[in-house]
Amino acid sequence: MAEICCQEAKSPPATAATVATVSASAAAAAVASSVMDRRRRRLELKRFRLASDLEQSAAEYAGARKRPRIPRTVSGPCPDAASASENTERYPRFGFSSVCGRRREMEDAVSIRPGFLPGSGKSHFFGVFDGHGCSHVATTCQELMHEAVAEEHEKAGPGEEPTWKEVMERSFARLDERAANWATTRSSEEPACRCEQKMPSRCDHVGSTAVVAVVSPTQLVVANAGDSRAVLSRAGVPVALSVDHKPDRPDELERIQAAGGRVIYWDGARVLGVLAMSRAIGDGYLKPFVTAEPEVTVTERSDADECLILASDGLWDVVTNEMACDVARACFRSNGPPEPATAQAQPSGEAKASEGVSKAESDRACSDAAMLLAKLALARGSSDNVSVVVVDLRRGS
């Protein structure tokens, strides 16, 4: 107890000066903290304003320079057929959708030409072209392929029926030659293409797949070069009218090797390790391993035919033939059967033997099917451009 008392006695008592010093230090610290808080708030406000200005500038720049990536969906007769509006009852019911998807550039092209054969309004042309390297070969096919087919079809003599296989082969060869000479034959007024801006120029590194169909009242003629595809829905069963040209397909692999080329597996089978398809229009630097010669099929139409689907590989990479036909049939069922091609006058007081949707409604069903298929491809992770054409083949269309 004595020691404790001594220690307590030795402790110096708190003086007024000490208390004042501590209070002054606390006040100074509080003032400094307040000043730092105000500075921090001002800096945060400046950062917020700067970020807002940058976001607004970026949005304005993107709105002015960035390519809009919205679905482009069209139905009914194409603009070129507007001059023949008096014959629209002969035109097929169709719809298409073409979307850029997750790609930076849109390289797909779609061509729809009702009544494209001179002197006959009953044959209709549909085509899907999937470009690679640039878009100018696909665009050239979009603009000229139907003309080449019509001209080659006319070359047959009087009373002579041309062979569709020869017509398509010559037409594809003409477009392939046009693609090879594109850089030297195009107009000087046309703007420079993306492939021309590369150093050195890469115009011969550009190509396009092509799947085209000629729909007549009795036949379906399909020509294909590449990995786009045509599928017919008949009585609820999908029928592939073309076979993808992949480098590892046994007959294509044999053809490439016989020509002295090789198929190298680099992120999949590729010709010389570069191109993921074995046939295409263009791609001059890969000749003769990559050929533009199409495979042609001629199918007789049937009352059980429902629809024809043409699409680029952006759809077929992630959607099966069965799934695509199911989607199209579901859209058709929601609209009902089409009206007969020629309405028969009914006696007064009698009900119509069958009723169907109008042509406009059938066109809308085709457009809905094409749009849904494009959206389905994107939802299932397609990373490519997606282009889909749906043609209503039900009798009365």
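Right, S362: assigned to a loop (DSSP other than H, G, I, E, B), crowded, with 21+ Cβ neighbours inside 10 Å and modelled with pLDDT under 90 or not?
When the stated conditions are applied, S362 does not pass them.
Kindly list the number of the only condition in (1) modelled with pLDDT under 95; (2) crowded, with 21+ Cβ neighbours inside 10 Å; (3) more than 19 Å from S387 (Cβ to Cβ); (4) not charged (D, E, K, R) that fails for P247.
So P247 meets the others, but not (1).
Scan the strands (runs of 3 or more DSSP E) fully inside the range 249-338 and keep the ones with 1 or more residues being outside the structural domain of M371 (by the TED database).
It comes to 263-265, 269-271.
Going by what's in this entry, would A276 be described as crowded, with 24+ Cβ neighbours inside 10 Å and in contact (Cβ under 8 Å) with a residue 12 or more places away in the chain?
No.
For the range 119-164, which residues satisfy the criterion of being buried (at least 19 other Cβ atoms within 10 Å of the Cβ), among the hydroxyl-bearing types (S, T, Y) and not in a helix (DSSP H, G or I)?
Answer for the range 119-164, where residues must be buried (at least 19 other Cβ atoms within 10 Å of the Cβ), among the hydroxyl-bearing types (S, T, Y) and not in a helix (DSSP H, G or I): S123, S135.
The values are calculated or read from the model by the stated rules, or taken from the named source; none is laboratory data. Because the structure is predicted, anything quoted here is derived from the model rather than measured. Positions of Cβ are backbone-derived with ideal geometry, glycine not excepted, and every protein chain shown enters the neighbour counts.
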